[in-house]
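A.B. asks: Sharing a structure here in structure tokens format.
The values are calculated or read from the model by the stated rules, or taken from the named source; none is laboratory data. If you're wondering where the values come from, they're calculated on a predicted model, not measured in any experiment. Counting neighbours? That spans all protein chains shown, and the Cβs are built from the backbone with ideal geometry, glycine included. Calculation scope for accessible area: heavy atoms of the full protein, side chains included, ligands and nucleic acids excluded. Shrake-Rupley method; radii C 1.70, N 1.55, O 1.52, S 1.80 Å.
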Amino acid sequence: MTNLDSINNEPLSLGHHPVSTTPGTFESLGLSPDILASVKRVGFIHPTPIQAQVIPIALKGKDLIGLAQTGSGKTAAFVLPLAEKLLHGRGIRGLILCPTREIALQTKAFLDLFGKTHKLATTCIIGGVKAGPQIRDLSKKPDIIVATPGRMMDHLRRGTVRLDTLEELVLDEADHMLDLGFLPQIEEILKRIPKKRHTLMFSATMPGPIERLARQFLHDPVRIDILPEGKAAVGISHRLYLVERENKQNCLVTLLNQELGSTLVFTRTRIDADWLFRMLDKEGHPVTKIHSDRSQSERVEALKSFREGAHRILVATDIASRGIDIPAIEHIVNFDIPGTVEEYIHRAGRTARGNAVGLVSTIATWKDVTMVKEIEQTLGQEIPRCTVPGVPPFVEFKPKTPLRFGRRRRR
Ligand code: AMP
């Protein structure tokens, strides 16, 4: 992956985040020599499919809806046109709304890299940190704000920021923002910004409320769909461990001892994440944790130590299932099965990023069998039933007529 931490060290090195690119060139997309130089410095050689399609349309000022997942190069697809169109010092003209603080921070890092030649100033307005420094930053009129909707709305209500000079709006991971209950804030924010503006919206799914948002707030948008046909990335192997409830912990520990690569373990609740973290820590595993009860600095620190390999295991709630770009996760463990199929796909998407391969192990009990079947329907395959030594499998009832798996397209 691109080393976003070394923003000030030139040339910026491209690390090892394999991402599928097109044979095309950035030069053919209509970017200026300045911005092309920053792309070169970052080390991007060919555009990814979403970049190749979005950049020329966004540069022309047309609204668009991009159906794309994280890991597809989506961030640069909207950051590059923004960096191209905006120059420093004419008031707040760009707003990017993101679902989580981590995605907001990553997006700011991209803007700092690509906006350097136009001296663009970007401010991150996210929850979980003090408002005072944000108010100071806002009073300096940054060119672009990257924000989570809740904190952005707080500032708008308090009158610590106005968005009446806004020209460019990006709604990133719109479906995830809705999942997190941000629809009222988004609608309110959108009512407070100029109607005459350019809007880009990205989402991995297109449920009804997103279509409605698009109809209400986008002007004749171009639709770009680069979602993979098979839903989950091709390089992922899925495995299912059906066990009794009291054996889940044993199953997890055995899996962690068998698969020695970097591992992201998902639990359903913050309490379970804390409990699992304590248990693994006590057993001597190199483990850290992330969930929404942790402070912003703890979350940043946990991700950093996981990314850098100081901790091989990250225990997380679904806060980490989307948008976090850690290139080398080899193994995802669903200690608790996700509540929806979409969430399974998003969790699985944390591994096998770009062209890499990865493993998703789901530990499930008899209560989870209905969800397992739904996931299998969506994947279009039966997930292989696997066992670990010392943990007896739970034997499920199998219908005589085998299930038929149709290839359904993403909603
Ligand atoms: P994103 O989908 O925006 O989270 O990007 C996923 C990863 O792909 C990030 O590590 C980017 O730095 C990297 N990336 C994005 N575009 C390119 C490109 N054109 N060439 C190489 N790497 C890229």
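A.B. asks: If I model a spin label at THR165 and SER32 as a point 7 Å from the Cα along the Cα→Cβ vector, what separation in nanometres do I get?
C.D. replies: If labels sit at THR165 and SER32, their model points lie 1.8 nm apart.
A.B. asks: Turning to a different aspect of this structure: Quick one: if the Förster radius is 56 Å, what FRET efficiency do ARG90 and SER237 give, using the C-beta to C-beta distance and rounding to 0.05? Write out the running numbers ahead of the final one.
C.D. replies: Working: r = 51 Å, r/R0 = 0.91.
The calculated FRET efficiency here is 0.65.
A.B. asks: Just want to confirm a number: the relative contact order over the chain, from Cα pairs under 8 angstrom separated by 6+ residues, in percent. Let's see the in-between values first.
C.D. replies: Details: 786 pairs, mean separation 68.9, N = 411.
Result for the chain is 17 percent.
A.B. asks: Another one. Expressed as a whole percentage, what fraction of the accessible surface of the stretch 236-379 belongs to carbon and sulfur atoms when a 1.4 Å probe is rolled over the protein heavy atoms? Write down the numbers at each step before the final one.
C.D. replies: Numbers: 2650 of 5540 Å².
On the stretch 236-379, the fraction of accessible area on carbon and sulfur atoms equals 48 percent.
A.B. asks: Could you work out, for the stretch 3-225, what percent of all Cα-Cα pairs fall into each 5 Å distance bin, beginning at 0 Å and stopping at the bin that holds the largest distance?
C.D. replies: Taking every Cα pair in the stretch 3-225, the percentages come to 1, 7, 16, 20, 22, 17, 11, 6, 1, 0.
A.B. asks: What FRET efficiency would be calculated for the residue pair SER20, ARG41, taking the C-beta separation as r and a Förster radius of 25 Å, to the nearest 0.05? Walk me through the numbers before you get to the answer.
C.D. replies: Values: r = 22 Å, r/R0 = 0.88.
Using R0 = 25 Å, I get an efficiency of 0.70.
A.B. asks: Based on Cβ point charges of +1 for Lys and Arg and -1 for Asp and Glu, what charge dipole magnitude is obtained for the chain about its Cα centre, in debye rounded to the nearest 20? Present the calculation step by step, with values, prior to reporting the outcome.
C.D. replies: Details: 57 positive and 46 negative charges, 176 e Å.
Taking the Cα centre of the chain as origin, the dipole is about 840 debye.
A.B. asks: By how many degrees, between 0 and 90 and to the nearest 10, does the Cα long axis of helix 101-114 differ from the longest principal axis of the chain?
C.D. replies: Roughly 50 degrees, rounded to the nearest 10.
A.B. asks: What distance in nm separates the two pseudo spin-label positions at THR387 and ASP225, each 7 Å out from Cα along the beta-carbon direction?
C.D. replies: 4.3
A.B. asks: Continuing with the same structure: For the stretch 39-85, what % of the accessible area comes from carbon and sulfur atoms, probe 1.4 Å? List each step's numbers first, then the result.
C.D. replies: On the way: 820 of 1400 Å².
Carbon and sulfur: 58 percent of the exposed surface of the stretch 39-85.
A.B. asks: Projected onto the charge dipole of the stretch 3-225 (+1 at Lys/Arg Cβ, -1 at Asp/Glu Cβ, origin at the Cα centre), which of LEU213, MET152, LEU67 gives the Cα projection farthest towards the positive end?
C.D. replies: Farthest towards the positive end: MET152.
A.B. asks: So if we plug the beta-carbon distance of SER139 and LYS119 into 1/(1 + (r/R0)^6) with R0 = 22 Å, what FRET efficiency do we get, rounded to 0.05?
C.D. replies: On the way: r = 19 Å, r/R0 = 0.85.
For R0 = 22 Å, the calculated efficiency reads 0.75.
A.B. asks: Most fluctuating residue of PRO389, PRO209, PRO49 in a GNM of the chain with Cα springs under 10 Å: which is it?
C.D. replies: Maximum among the listed residues: PRO389.
A.B. asks: Could you state the angle between the C-alpha long axis of helix 270-282 and the longest principal axis of the C-alpha atoms of the chain, as a value from 0 to 90 degrees rounded to the nearest 10?
C.D. replies: 60
A.B. asks: Can you give the angle from 0 to 90° between the axis of helix 149-158 and the longest principal axis of the chain, with both taken from C-alpha atoms, to the nearest 10?
C.D. replies: 40
A.B. asks: Between SER297 and ALA131, how many nm apart are label points set 7 Å from Cα along the C-beta direction?
C.D. replies: For SER297 paired with ALA131, the spin-label model returns 2.1 nm.
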